[in-house]
1. So how do 172, 106, 180 line up by other beta-carbon neighbours within 10 Å, fewest first?
2. Which of 73, 82, 37 moves most in a GNM of the chain, Cα contacts under 10 Å?
3. For the chain, modelled as a GNM with alpha-carbon contacts under 10 angstrom, which of 92, 44, 127 fluctuates the most?
4. So, in nm, how far is label residue 90 from label residue 136 when the simple model puts each one 7 Å beyond its Cα toward the Cβ?
5. Could you check which residue among 107, 178, 25 shows the biggest mean-square fluctuation in a GNM of the chain with a 10 Å Cα cutoff?
6. Compute the Cα gyration tensor for the range 60-155, then decide on rounded, prolate or oblate, letting a ≥ b ≥ c be the square roots of its eigenvalues: rounded whenever a/c is under 1.5, prolate when a/b is larger than b/c in the other cases, and oblate in all that remain.
7. At what distance in nm do the modelled label points of residue 55 and residue 129 sit from each other, each positioned 7 Å from its Cα along Cα→Cβ?
8. Between residue 107 and residue 146, what is the spin-label point distance in nm, taking each point 7 Å from the Cα along the Cα→C-beta axis?
């Protein structure tokens, strides 16, 4: 029986991801979906970053650490590199346990979400250039049906009926591509 968060996630994320090859009009990106292990699955926390308002793209938005891949870089290496740059977490610290389905955004990125577990004593040091704040939100809170809202999307959004998901945490709204990836993670955790 799986007892650690890593084992639970690895068992639930074992299905191969839908791989979408970037094309002439799309660019490859990867994010790390980091979870800090708690005493129980419900006590574990999902880590988000808040982008600075001065950023040229997605200013002030809540996101997972990540970004565009370098030529020849695989999604796991890219997600770990970006997490080290944005949160100061050495690439050897996260335990990668699986992937969520790739996501094609309306901004023409193909994002590969890499799910990883961080130890409870991890020290997160935000890069002032790329991270305005760090949010650690308990899984218990994110799974509470009262905390999520949905709406139909008007743009090209994968998923059931182009559904958009919204959570409010620490006066910030988690939505868009991050909300979609979070919904997929929470589905796996249910």
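1. Placing the least packed residue first, the sequence is 106, 172, 180.
2. Greatest mean-square fluctuation among the candidates belongs to 73.
3. 92
4. 1.9
5. 25
6. oblate
7. It is 1.4 nm.
8. A separation of 3.4 nm, rounded to one decimal place.
Readers should treat all values here as calculations from the given coordinates under stated rules, not as data from a laboratory. This structure is a prediction, so every number in the text was calculated from the model and none was measured. Cβ atoms come from the backbone with ideal geometry, glycine included; neighbour counts cover every protein chain shown.
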